[in-house]
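To start, the structure under review is shown below, and the notes come after it.
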Amino acid sequence: MLIKKLLPVAFAASLAFAGSAALAAGQTFVTIGTGGITGVYYPTGGAIAKIINAKKKEYGIRASVESTGGSKFNINAIDSKDLDFGIAQADTQYLAYNGKGPWEGKPVSKLRAVFALAPEAVTFVAAEDSGIKSINDVKGKTINLGDPGSGNRVNSTDIFKYAGIVPGKDFRDEKLKPADAPRVLQDGRIDGFFYTVGHPNGNIKEATAGKRKVRIVPITEVGDLLKDAPYYAMTEIPMAQYPDAVNSKDKVKTVGMLATLVTSADTPDDVVYAITKEVMTNLDDFKKLHPALAGLTKQSMLEGLTAPIHPGALKYYKEVGLVK
Ligand code: GLU
């Protein structure tokens, strides 16, 4: 557990023995797992930390942010008590809590939902010279499905499964971090990459602004995916945000879901309550901290939560009448 309170020395020693680390006077330290530094999770986690840290005197909570591999990594790290909070795609929240997909037979039963964040879109960026205009054009190409801890790897694996295409067999599958993918695409070492991410974001801007022309590829031929996996929904990426991409239409259709903040049932109620209350009551300031957060409302922040809502968050939602 990363949450540490000031304890007498003898207790501190036994906690250290139990795997806990440093202690500091009167403070509770919490770590929020995010994603790659060029994504939306990292600045969003930073925004949450900034809002709670501004009230350090009131709550004694000191939040810090960690850049990680993404949704899957964050959920597993919450499960193993290496992180207190994490941002995770709504689909991975569902799969982990229910023991499906990457968590088949190993449900993360202590996973708890706090609130939802910005919508994300499965974003498939491909070089124009690769000729990839649909997911069916990847055969024989080199595609980055992403970091093993990422949500985009979960999504792209799902999408190819429904399209009857086998990663690693029908195309070369790379495991690059999102921060590296735009440069490696521009260098000509990959033909395309997947990134499930909120828009606008710097990573996709970087990928579309280089010398090698790129296209955001629509993801529409997904068979029964949406029927079988109701945590996905069709969404659109507004192309005005990426004027250098070669797309001719102003919107690209693809699969999407919400990003969510998750934690463990073991995280103390007062910590989850404080974070929920401070983000919700400072929502206008919070939304200004990243353009992808612009559309958030208190109501939208209660969507996409499939794991039980943590009692600390629920206490706040009941207090303000968001939940009866
Ligand atoms: N959705 C991505 C993932 O779970 C991370 C996106 C981001 O960092 O903004 O891996």
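The values are calculated or read from the model by the stated rules, or taken from the named source; none is laboratory data. This one's a predicted model, so the numbers in the text were calculated from it and none came from an experiment. Don't worry about glycine lacking a Cβ; one is built from the backbone with ideal geometry, like all the others, and counts go over all protein chains shown. Each accessible area value is taken on the protein alone, full model and side chains, heavy atoms only, with ligands, DNA and RNA left out. Shrake-Rupley method; radii C 1.70, N 1.55, O 1.52, S 1.80 Å.
Selection of region 290-321 for residues being more than 24 Å from LEU95 (Cβ to Cβ), outside any helix (DSSP H, G or I) and out of contact with any Lys or Arg (no Cβ under 6 Å at 6 or more places or on another chain) yields HIS290, GLY295, THR297, LYS298, GLN299, VAL320, GLY321. Residue pairs whose Cβ atoms lie under 6 Å apart, sitting 6 or more positions apart in sequence or on different chains, and linking a residue in region 245-271 that is part of a strand (DSSP E or B) to a partner that is of a type in the set (S, T, N, Q) and open to solvent by 40 Å² or more (accessible area, probe 1.4 Å), are LYS253/THR220; GLY256/THR235. Hey, any hits in region 121-130 for a residue that's touching a Pro at 6+ places or on another chain (Cβ under 9 Å), open to solvent by less than 50 Å² (accessible area, probe 1.4 Å) and polar (S, T, N, Q)? No, region 121-130 contains no residue that is touching a Pro at 6+ places or on another chain (Cβ under 9 Å), open to solvent by less than 50 Å² (accessible area, probe 1.4 Å) and polar (S, T, N, Q).
Could you check, for region 125-133, whether at least one of its residues is hydrophobic (A, V, I, L, M, F, W, C), modelled with pLDDT of 95 or more and more than 18 Å from PHE160 (Cβ to Cβ)? Checked region 125-133: at least one residue is hydrophobic (A, V, I, L, M, F, W, C), modelled with pLDDT of 95 or more and more than 18 Å from PHE160 (Cβ to Cβ). Just checking, does region 200-207 include any residue being closer than 19 Å to ILE132 by Cβ and among the polar types (S, T, N, Q)? Yes, that holds for at least one residue.
In region 207-229, is there at least one residue being under 19 Å from the mean Cα position of the chain (by Cα) and among the hydrophobic types (A, V, I, L, M, F, W, C)? Yes, some residue in region 207-229 is under 19 Å from the mean Cα position of the chain (by Cα) and among the hydrophobic types (A, V, I, L, M, F, W, C). Scanning region 218-244 for residues that are touching a residue at least 40 places away in the same chain (Cβ under 8 Å) and part of a loop (DSSP other than H, G, I, E, B) yields PRO218, ILE219, THR220, GLU221, VAL222, GLY223, ASP224, ALA229, TYR231, TYR232, TYR242. Of the residues in region 160-183, at least one is among the charged types (D, E, K, R), under 24 Å from PHE73 (Cβ atoms) and within 11 Å of the ligand (Cβ to nearest atom). Restricting the search to region 288-324, which residues are of a type in the set (Val, Ile, Thr) and surrounded by 17 or more Cβ atoms within 10 Å (Cβ to Cβ)? Those that are of a type in the set (Val, Ile, Thr) and surrounded by 17 or more Cβ atoms within 10 Å (Cβ to Cβ): THR306, ILE309.
Among the conditions (1) surrounded by fewer than 15 Cβ atoms within 10 Å (Cβ to Cβ); (2) touching a Ser or Thr at 6+ places or on another chain (Cβ under 7 Å), the only one that TYR242 does not satisfy is (1). Across region 154-210, the number of residues qualifying as part of a loop (DSSP other than H, G, I, E, B), open to solvent by 40 Å² or more (accessible area, probe 1.4 Å) and within 18 Å of PRO243 (Cα to Cα) comes to 1.
This table checks each residue for (1) under 11 Å from the mean Cα position of the chain (by Cα); (2) crowded, with 24+ Cβ neighbours inside 10 Å.
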{"position": "ILE61", "(1), (2)": "no, no"}
{"position": "GLY69", "(1), (2)": "yes, no"}
{"position": "ALA77", "(1), (2)": "no, no"}
{"position": "SER80", "(1), (2)": "no, no"}
{"position": "PRO107", "(1), (2)": "no, no"}
{"position": "VAL114", "(1), (2)": "no, yes"}
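The set of residues from region 144-155 being more than 8 Å from the ligand (Cβ to nearest atom) and out of contact with any Asp or Glu (no Cβ under 9 Å at 6 or more places or on another chain) comprises just one member, PRO148. Scanning region 211-234 for residues that are farther than 18 Å from ASP250 by Cβ, open to solvent by 50 Å² or more (accessible area, probe 1.4 Å) and charged (D, E, K, R) yields LYS211, GLU221, ASP224, LYS227, ASP228.
Which of (1) in a helix (DSSP H, G or I); (2) touching a helix residue (DSSP H, G or I) at 6+ places or on another chain (Cβ under 9 Å) is the odd one out, the single condition ARG215 does not satisfy? Among (1) in a helix (DSSP H, G or I); (2) touching a helix residue (DSSP H, G or I) at 6+ places or on another chain (Cβ under 9 Å), ARG215 violates only (1).
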